[in-house]
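Engineer: Dumping the structure here so I can ask a few things about it.
The values are calculated or read from the model by the stated rules, or taken from the named source; none is laboratory data. What you see is a predicted model, and the numbers here were worked out from it, not measured in a lab. Because the Cβ atoms are built from the backbone with ideal geometry, glycine has one as well, and the counts that use them run over all protein chains shown. Heads up: the accessible areas ignore ligands, DNA and RNA and are worked out on the full protein's heavy atoms, side chains in. Shrake-Rupley method; radii C 1.70, N 1.55, O 1.52, S 1.80 Å.
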Amino acid sequence: MKVKIIFFFFSLLLIFSSYGQRKKDQDTSALIVQPGRVEFNIFEYSMQYDIINGEDNGLLVYLQTDDRVGNAYNWTFNLLDTALNQVWTRIFPISNETNLAGTEYHDGKYYLLFNASRYRNEDLLLIEIDAVEGSFRSIDINTVFPIQLTFFEVIDDNILLSGYTNFRPVLLTFNLNAQKPRVVPGFYDNKSDIIDIIIDDESHVFTVIQSEKMHNNRFTMRAKTFTSQGDLIQNNVISPGEKKSLVDGASTIFYGGFQYLAGTYSKKASQYSRGLYLAKFVNGRQQFIKYHDYADLTNFFGYMNERRERRILDRIERKKEKGKKPKFSYRLLVHDIIQRDDEYLMIAEAYYPRYSSYTSPSSFGSYNYGYNSYNPSFMGYKYTHAIVVAFDRNGNIIWDNSFEVNDIETYALEEFVAVNHEKDKTILMYLEENTIRSKIIKGNEIYEGKTLNPVRLAYEQDEVKSKDPEIEGLKPWYDNVMYAYGEQRIQNDIGEGGRNTRRVFYINKITYNIDREPN
């Protein structure tokens, strides 16, 4: 997970119905169920709850309180089981000099990583919490040199720390038993950025994805796979060709020498991409790389209204009849690649940066994986739609589909659309202003069209009076279960729940039943 992401952003459950043609939005889904809800009272506006997802070990809800013990603040930790029942509560003091940098869950333990000092970026504090016992362990980490952290992961008995020092990327491992840091060689240069770290717990390896500048000033992608201790196993770098520049990339897990990399590409060094690529490696050798323009996809423009989509498709046909290649430019945030039987699924979210009218956007450094320059005219990113593309083993597209995303604007690029897979269906969801928006697809077809499902409240007479759109989200949990969370101020005129008005942090459990018939 990216370390700078320590706030939880809600995603709305989205599912589409019918076979073939697009239908109008339905009020509610016939397949989505919200079987549980838990609330935590908010008495002060400074109270901000957060969650660490422990998969089938439950959810850890934590809060920094204003209660001081010497030079520390008390933090409360509540473990919820998969039915959202409280298992245990613990209170643990943490120094007020610290700043939370990231959270993680691994093998029955929850982890919180803190910058231990306001002035020394090389000093870190790791809190380890056992899910069963609720016991705590504090570990001091010194990285020797200061690091601006961007990634924090756990694999086996090792912590992975990635970030920047002197504006160059670095990667360290820290063994929890020996409690010693180790610099992983091969990253400290000024021509690359670490854009993702993929953990494979079953094989006890991890893969680092790098964006790397080539001699022609275009960019390629490199995937380095390591043992959990940080020893290099394989180093795959894509040869994109002289006229291509790779914008983004993701990787399958490394298995038996096989590895696929997929992402977006452009014709020059630009963050605006022209289409998708898939590359295959066997034992360190590139077997192929195949490119697919956005105009070649069947449903890429399906998020638009029918009239606008028809105009785009007619334009594509006219250009093809003249022997020309239609060109479209998009920015896509690429998720991980998921293997499902003989398909390799790539999920991505399309967005564009917004600027105020009085300043030219050319003065703003476009999004990069290292540092962003500050520009007061930058007004954040607006999301338009998500896509799901299935490739076969030879890099050909089997099917593709899209999902409209409304009203999401953010200053940090995050994955807002939660995706899950059940049999031959793909479920897409996100949360926006207390409404779960969902769609279910079956290849090129729509199984259940876009639905709008209100977040279920605790009591029949509850009415939401206000909510905080900055503190809400929807995330995959375990198996076919997801959870939604956020803050609400609720009015109940008959006093259900003990009060007429309450302000709460809520968590709703969300499941879906693909075996039922959609509306």
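Engineer: How many angstrom separate the Cα center of region 205-265 from the Cα center of region 79-128?
Structural biologist: 32
Engineer: A follow-up question, please. How large a share of the accessible area of the chain, in percent, is made up of carbon and sulfur atoms when the probe is 1.4 Å and the other protein chains stay in place?
Structural biologist: Heavy-atom surface of the chain belonging to carbon and sulfur, 1.4 Å probe: 45 percent.
Engineer: Then there is this: Between Asn444 and Ile312, what length comes free when the chain is fully extended (0.36 nm per residue of separation minus the Cα-Cα distance, one decimal in nm)?
Structural biologist: Using 0.36 nm per residue and subtracting the Cα-Cα distance, I get 45.7 nm.
Engineer: Counting only heavy atoms of the protein chains, get the accessible area per residue of region 205-250 (1.4 Å probe) and round it to a whole Å² value. Spell out each step's value before the answer.
Structural biologist: Numbers: 1700 Å² over 46 residues.
With the other protein chains kept in place, region 205-250 gives 37 Å² per residue.
Engineer: Let me ask another. Let me know the charge dipole size of the chain about its Cα centre in debye, to the nearest 20, where only the beta-carbon of Lys, Arg (+1) and Asp, Glu (-1) is charged.
Structural biologist: 2780
Engineer: If eta is 1.306 mPa s and T is 10 °C, what Stokes-Einstein diffusion coefficient results for the chain, Kirkwood Rh from Cα pairs, in µm²/s? Numbers along the way, then the final one.
Structural biologist: Working: Rh = 24.4 Å.
Answer, rounded: 65 µm²/s.
Engineer: Additional query: Considering only Cα-Cα distances, which of the following residue pairs are longer than 18 Å: Lys290/Lys324; Lys213/Lys267; Lys267/Lys324; Lys213/Lys268; Lys213/Lys280; Lys475/Lys509?
Structural biologist: Violating the 18 Å Cα-Cα cut-off are Lys290/Lys324; Lys213/Lys280.
Engineer: Using the Cα atoms of region 395-519 to build a convex hull, what is its mean projected area in square nanometres?
Structural biologist: Result: a mean projected hull area of 9.7 nm².
Engineer: Mind checking region 429-476 for GluC sites (Glu not before Pro) that DSSP puts in a loop (not H, G, I, E or B) and that have at most 10 other Cβ atoms within 10 Å?
Structural biologist: Of the GluC sites (Glu not before Pro), the ones in loops of region 429-476 whose Cβ has at most 10 other Cβ atoms within 10 Å are Glu460.
Engineer: At 222 nm, what helix-only mean residue ellipticity would the chain give, in deg cm²/dmol to the nearest 500, using -39500 (n - 2.57) for each DSSP H run of four or more?
Structural biologist: Dividing the helical sum by the residues of the chain leaves -1000 deg cm²/dmol.
Engineer: Here is a further query. Once Rh for region 400-445 is found with the Kirkwood sum over Cα pairs, what is the Stokes-Einstein diffusion coefficient at 37 °C and 0.692 mPa s, in µm²/s?
Structural biologist: Diffusion coefficient, whole number: 279 µm²/s.
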